[in-house]
Amino acid sequence: MKLAVAILFSALTVGTAAAQDAAIPSTEEQKVLYALGVALGRNIAPFSLVADDVKYVAAGLNDAVKGNKLLVDFDAYSPKIGTFAQSRMAAKADVEKQRSKPFIEKSAKQKGAVTTSSGLIYSELKKGKGVSPKASDTVKVHYHGTLIDGTVFDSSVARKTPATFPLSGVIACWTEGVQKMKVGGKSKLICPSAIAYGDQGRPPQIPGGAVLVFEIELLGIETPAAAAPAKK
């Protein structure tokens, strides 16, 4: 029981003395155990557990590990786990969306900003002179992505290495926004969660319901390699 509580408590207290004092894995076995902890943490992250939740989760974990008689009908309640996670994620995302509203409203009023029917707020920072990509194209870009508080979650600029993406395989905000650009141009995209990562987000960097801010420079449009002629 103490082990179960310790695992879950540590997952809820990242940044505390308990987390700071955690042993650094050195052997292969310790590294596997650490990976197990990471997997457990990622699996329970969508539930946004608070302190009062932990005792029930820990009790279930303990009983399952020890083979004890279960306190609830597992077959009846296990199908409800997914719905419960979705409701927790949605509630947390709603808080994030409300927090983002003033930012969205202010951004939409900025000079040169255009709000599309999807909710994308598009601003041209530097006019390009080349052609515009299509949704089916692969583009070469430099980008810098932040949350509304300025926290950087991803940046090819910081890595000093351009990125190449198929526009059909990125978030809807990018697919729409990058098509408005011309090669050599630079634009700012403000992406509401509905056209970004939705209520689920992309933990731990991107919370559910988060508005994303991108500055994108379109460096080029990749030309697909010609198909090799069929052998006769």
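The values are calculated or read from the model by the stated rules, or taken from the named source; none is laboratory data. These numbers were taken from a predicted model, which means no experiment stands behind them. So basically every Cβ, Gly included, is an ideal-geometry build from the backbone, and we count neighbours across all protein chains shown.
Observations, loosely collected:
- Cβ pairs under 6 Å, 6+ apart, first in the stretch 149-162 and free of Cβ contacts under 8 Å to residues at least 24 places away in the same chain, second among the hydrophobic types (A, V, I, L, M, F, W, C): SER156/ALA163
- Pairing each residue of the stretch 121-135 that is assigned by TED's automatic domain parsing to the domain that holds LYS109 and at positive phi with any residue that is at pLDDT 95 or above and surrounded by 15 or more Cβ atoms within 10 Å (Cβ to Cβ), provided the two are 6+ apart or on different chains, yields no C-beta distance under 7 Å.
- When residues of the stretch 66-85 are limited to those that are under 27 Å from the mean Cα position of the chain (by Cα) and in contact (Cβ under 8 Å) with a residue 12 or more places away in the chain, the one surrounded by the most Cβ atoms within 10 Å (Cβ to Cβ): ALA85
- Selection status of VAL139, assigned by TED's automatic domain parsing to the domain that holds VAL183, touching a Pro at 6+ places or on another chain (Cβ under 7 Å) and either assigned to a helix (DSSP H, G or I) or in contact (Cβ under 8 Å) with a residue 12 or more places away in the chain (or both): yes
- Any hit, the stretch 99-110, residues being within 30 Å of ILE216 (Cα to Cα), surrounded by 10 or more Cβ atoms within 10 Å (Cβ to Cβ), basic (Lys, Arg) and in contact with a helix residue (DSSP H, G or I) (Cβ under 7 Å, 6 or more places away or on another chain): no
- Which numbered condition ALA23 misses (of (1) farther than 26 Å from ARG202 by Cβ; (2) in contact with a helix residue (DSSP H, G or I) (Cβ under 6 Å, 6 or more places away or on another chain)): (2)
- Selection of helices (runs of 4 or more DSSP H) fully inside the stretch 27-84 by the criterion of at least 2 residues being closer than 25 Å to GLN200 by Cβ and of a type in the set (Asp, Glu) returns 51-66.
- Taken over the stretch 151-192, residues that are part of a helix (DSSP H, G or I) and surrounded by fewer than 14 Cβ atoms within 10 Å (Cβ to Cβ) amount to 4.
- Filtered residues of the stretch 121-153 (kept if farther than 21 Å from GLY184 by Cβ and not hydroxyl-bearing (Ser, Thr, Tyr)): ILE121, LEU147, ILE148, ASP149, GLY150, VAL152, PHE153
- Filtered residue count, the stretch 91-114, keeping only those that are more than 23 Å from the chain's Cα centre (by Cα) and among the β-branched types (Val, Ile, Thr): 1
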